[in-house]
Each structure stands twice: as structure tokens, then as C-alpha cells.
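Reviewing the structure listed below.
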Amino acid sequence: MARVGGRNLAMSWLVGLFCIALVAVLLWLALPMGPVMVQFVGDTLRTMAPGAVGMP
């Protein structure tokens, strides 16, 4: 990528590492909701599917 005038390379690296760390922390905090979301999506798809169990 071409260098842009007026940008500090060290500051760009620092901000980039901060952003990566922030995304990693948010993913770490979201991990416990993974199984809950899988169950929610599965239940939703099962109730919407034609001929689903429990549907009249």
C-alpha cells in the first residue's frame, strides 16, 4: 500500500494493534453466547420449516 503523507508509521501500527486487541477482547466476551445463539437459530429454523415437529 502506498504511504500517505502526514501519517506516522509508528502511530498507525499502535492503532492497528489496539484495534486487533479490541476485536479479540470482544470475541472473547462473546464466546459464552455461542451455544445459546446456535440453539436459538436451530429452534427458529425448526419452527419455520414446513412439516416441523410440533406444528399442526
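List of remarks:
- Residue match in the range 1-8 (condition: at pLDDT below 95 and not in a loop (DSSP other than H, G, I, E, B)): no
- PRO32 meets all of the listed conditions (1) modelled with pLDDT under 90; (2) part of a helix (DSSP H, G or I) but one, namely (1).
The values are calculated or read from the model by the stated rules, or taken from the named source; none is laboratory data. Remember, it's a predicted structure, so these values are computed and weren't measured experimentally.
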